[in-house]
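The values are calculated or read from the model by the stated rules, or taken from the named source; none is laboratory data. Keep in mind that what you see is a predicted model, and the values were worked out from it rather than measured. Cβ: placed from backbone, ideal geometry, glycine included. Neighbour counts: every protein chain shown. The accessibility values were calculated without ligands, DNA or RNA, using every heavy atom of the protein model including side chains. Shrake-Rupley method; radii C 1.70, N 1.55, O 1.52, S 1.80 Å.
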Amino acid sequence: MSKLEKVLDDCLAQLASGQSTVEECLADHPEHAQELQRLLLTAQILEPGQNSEPTPIFKARARSRLMAHMQANPKKKRSATYWPAWAPLFLGRSFNMAFGLAAVLVLFLSTGTVLAQSALPGEALYDWKLASEEVFRTLHPNPLSVDLMVAERRVDDLTQVSDNDEAVALALLEYQHTLSNLSDYHTPESRQAISAALVRQKAELDQVQVDVPELDRLLTELGPAPPPSITSEPVELAFSYQTVNIDGRTITYRATITNTTSSQPVSTTLIAALSPNEEFVTDNGAGCALNDNGERSCELDDLALNVGRSVTVTTRAVPCYTGVVANSAMLEISDDSAQVSPSNSIQAENIIDSQYPNPARVIYVQSNSQNSDLGLVTSGGTNVNAEFHHWAAAPAWSPDGKHLAFFGIQGISQLAAPYNQGNGVWVVDVINNQQQNPRQLLAQDHIKNLTWSPDGTKIAVEIGPPGIAHEIAIIDADDGRELYRFAGEQPAWSPNSQQLVIKGCFDACGLWLVEVDGSLVRQITTDSTDSYPTWSPAGDQIAFSSFNRDGNWEIYLLQIDSDAVTRLTNRKGTETTPVFGPCGQNLYLRTDAYGSWWITTMRLDGSGEYKVQEGVGSTEEWGLARPAVR
């Protein structure tokens, strides 16, 4: 017996003896409240059904479906029969009726029936699902509410299998059977409820282009649904809101609202307020839209008695955030006297403990004396595409990670068109870790560095023909138009894309802060060997490599607010071309400290270093071999 079954057993025994109420049982077991409420309501509904007698048609259909299920699922040996403590709640004067009710309870609470409720037309358990609905309808004291529920379920079936003709035909047959049942109700109240439900169902079917002539005929027969009459019935809604799935940084929430008292349809508005640390991904299309406050607002109309309506909302934690994500939802009801249990406002909290992206994608340059190519690995060192692109260097990711810019080196024209245009700045789309749709932005030789602006609109290009002072060209990332050109080397963008750090000798040599047009702002460092700067995503730090500071090429970290410099590496060998990771928590660099040139990554205090890619080859042009990380 599962924990839920044990809890249900205890609650039903307490209800039978009068020791407890439904509300008290739900309060005693909050972890099972949502499932327990449905099962207890079902039990209460089934008890009055002791005087019900199944129709001959139902008996014939149920017998046929049960025989088919038995043939498909041969009998297995079972353990001794278990008689739960709450059996007296359902034992009537007739043992045959008591046995029938017990069978119904087993049917609704068994694992097979629970699984069957999500079965779709054509699947193995779909007939079981239909049979369980007929049992429920036969014993329910209000068949209309069951028929309306079943009609909704058939429409859900049709929308989910709308691209499968065989499944649609099966679902249509069952839907038409339910429509036939609904056509047998003739009281004004019944026809009003049926008309309102069918209008909504037709709108859903129209969206998936499923035509049901019987539905159109019945709507014509019923005529326009009259406006709902004003009722003094008390309105109480059961409301739950909880996290149902966390997949990495993606969170799915489910709200369930049930009209528990009013025989008249009830309308309400669900408002899901995202925390500042998450962004909307999708919902299940239940009439939801973004309101003026940036919240998801979902209009829920025609909530029938004891028929739960669910809305799912999926969000994603914003890039680089870790910590608590607190998402809240509330119900708004026009009827001030309406009651919501346990509360009309519920908060769901989740912990996000993984950085984004996890893992990062690293484009490395594989160099030799004759050529250089690009390869793709994860930040954990897993090879993704060792032959991402030939005849390429100086890679630079676009901010959204969908494109890659690079310098097409001497020899790229050997590739197929359009590479016959030759050397220059090229851009490719990155789709499924493959490069596609190459296009040349700038025909140019002697490129030494590339870097893409964080706002995605510009690319900074270092150009250095032999014997001529190096210059930096700022070009448009869409069409390659040159926007600015000025003296300097090794550009690195600020996070707001308004400034750059460059290497240069102006009033003195070192690293300089400049505007996007090259106007000098201030000198940052005064060592002429300070090289290959990179700006942290948060904008508070600049990493660079330098030789003169300690007589060896090492990696350093500059705090912009204080100009304090910290040495991160201290070993024999060469450490150069640092690059911040996507969330600024670590640095990637090229090093030959391990006997050959490697790409490694380390924390910002120099600890935790590990290999990302080994054997990437040596080159005199370090800027061309700098890795790109996204």
Hey, could you check region 363-396 for residues that are within 19 Å of residue 611 (Cβ to Cβ) and touching a Ser or Thr at 6+ places or on another chain (Cβ under 8 Å) and say which is surrounded by the most Cβ atoms within 10 Å (Cβ to Cβ)?
365
Of these, 208, 266, which one is aliphatic (A, V, I, L, M) and either closer than 27 Å to residue 342 by Cα or in contact with a Gly (Cβ under 6 Å, 6 or more places away or on another chain) (or both)?
266
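Each row is one residue, and each column tells you yes or no for (1) within 30 Å of residue 261 (Cβ to Cβ); (2) more than 17 Å from the chain's Cα centre (by Cα); (3) among the charged types (D, E, K, R).
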residue: 292; (1), (2), (3): no, yes, yes
residue: 339; (1), (2), (3): yes, yes, no
residue: 343; (1), (2), (3): yes, yes, no
residue: 374; (1), (2), (3): no, yes, no
Any idea how many residues of region 267-322 are open to solvent by 40 Å² or more (accessible area, probe 1.4 Å) and closer than 19 Å to residue 236 by Cβ?
8
Boolean, residue 281 is assigned to a strand (DSSP E or B) and not hydroxyl-bearing (Ser, Thr, Tyr):
yes
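Every residue in region 446-471 that is outside any strand (DSSP E or B) and free of Cβ contacts under 8 Å to residues at least 24 places away in the same chain, please. Explain how you work it out, then say what you get.
In the first step, residues of region 446-471 are kept if they are outside any strand (DSSP E or B); the result is 446, 453-457, 464-470.
Within region 446-471, 446, 465, 466, 467, 468, 469, 470 qualify.
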Among the residues of region 187-200, is any within 16 Å of residue 152 (Cα to Cα), of a type in the set (Ser, Thr, Tyr) and not in a helix (DSSP H, G or I)?
no
Could you list, in sequence order, all residues of region 351-362 that are surrounded by fewer than 19 Cβ atoms within 10 Å (Cβ to Cβ) and part of a strand (DSSP E or B)?
351
Right, residue 619: of a type in the set (S, T, N, Q), in a strand (DSSP E or B) and touching a residue at least 24 places away in the same chain (Cβ under 8 Å) or not?
no
For residue 453, only one of the following conditions fails: (1) open to solvent by less than 50 Å² (accessible area, probe 1.4 Å); (2) hydroxyl-bearing (Ser, Thr, Tyr); (3) more than 16 Å from residue 500 (Cβ to Cβ); (4) under 31 Å from the mean Cα position of the chain (by Cα). What is its number?
(3)
Looking at 584, 539, which one is among the small types (Gly, Ala, Ser), surrounded by 18 or more Cβ atoms within 10 Å (Cβ to Cβ) and more than 19 Å from residue 462 (Cα to Cα)?
584
Residue 221 surrounded by fewer than 13 Cβ atoms within 10 Å (Cβ to Cβ), in contact (Cβ under 8 Å) with a residue 24 or more places away in the chain and farther than 25 Å from residue 267 by Cα
yes
Which listed residue, of 592, 561, is surrounded by fewer than 21 Cβ atoms within 10 Å (Cβ to Cβ) and modelled with pLDDT under 95:
561
Taking the condition of a type outside the set (Phe, Trp, Tyr), touching a strand residue (DSSP E or B) at 6+ places or on another chain (Cβ under 7 Å), open to solvent by 40 Å² or more (accessible area, probe 1.4 Å) and closer than 29 Å to residue 620 by Cβ, does residue 471 pass?
yes
Report whether or not residue 612 is open to solvent by less than 40 Å² (accessible area, probe 1.4 Å), of a type in the set (A, V, I, L, M, F, W, C), part of a strand (DSSP E or B) and within 25 Å of residue 375 (Cβ to Cβ).
yes
In region 289-323, which residues are at pLDDT 90 or above and touching an Asp or Glu at 6+ places or on another chain (Cβ under 6 Å)?
313, 315, 316, 317
